Amino acid sequence: MAVIPHQSVTAMSFDEVYDVHFEYVYRSLRRLGVSDGDASDAAQDVFMVVHKKLPDFEARSKMTTWIFRICMHIASDWRRSARVRHEATDVSPADIPEPRDTRPTADAQLAQREELRLAESMLEELTDEQRQVFVLFEMEEMDGDEIALSLEIPVGTVRSRLRLAREAFARAMSRHKSAESFREQGQKGKSP
């Protein structure tokens with residue numbers, strides 16, 4: 001893993017870090033279970049920490065790895081406070097902002113939102129530890145060493161959590177497919 005020289009990272013202003021990483025932070029918070037209504041405020045909390053600690057960032061890891069770790073802490077705080085307020089963390093992938101100018105058709109968007117909603121419901125079945133590793137590996141495409149550094153856990157623990165997360169995700173997918181097949185069978189039986 002290449003380490004960015006300290007000078008190039010510190011040369012980035014806070015505004016540049018904010019502009020480059022805001023969508024990543026927002027998306028990460030949503031995937032970590034922060035509700036849509038809270039995600040913007042939670043993102044601001046993340047960037048308050050980034051602003052405070054940016055001068056001390058030593059680039060021993062990627063900027064995104066460092067920021068994701070901050071997101072994990074903030075997401076945990078927001079989820080905990082949502083439970084205290086007796087609110088549901090309505091993590092709905094349909095609410096995650098989609099990239100602009102890449103939306104082909106309304107039908108394609110609807111299908112994509114349904115796939116995201118399905119993936120998010122399956123992610124909800126994972127423990128927080130499994131979800132963090134799964135999101136970083138499968139969605140953010142980090143390698144095991146980067147994840148271990150980011151989460152401050154051994155690489156073996158990353159592998160174990162990833163294996164358990166994949167198994168849980170596969171079980172959830174299987175249940176969904178069974179339910180979908182059952183609904184389709186019911187629909188066939190109702191047609192004239």
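Full extension from SER40 to TYR24: what is 0.36 nm times the residue separation minus their Cα-Cα distance, to one decimal in nm?
Values: separation 16, 0.36 × 16 = 5.76 nm, distance 1.20 nm.
In short, 4.6 nm is gained.
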Would you tally the net charge around ILE74, using a Cβ to Cβ cut-off of less than 14 Å, leaving ILE74 out, and scoring K and R as +1, D and E as -1? +3
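For the stretch 110-189, state the average projected area of the convex hull of the C-alpha atoms over all orientations, rounded to one decimal in nm².
Numbers: hull surface 23.0 nm².
The Cα convex hull of the stretch 110-189, projected and averaged over all directions, gives 5.7 nm².
Taken together, the values in this text are just the output of simple stated rules run on the coordinates, not laboratory data. In this text, all values refer to a predicted model and were calculated from it rather than measured experimentally. Cβ coordinates were reconstructed from backbone atoms using ideal geometry, including for glycine residues, and neighbour counts include every protein chain displayed.
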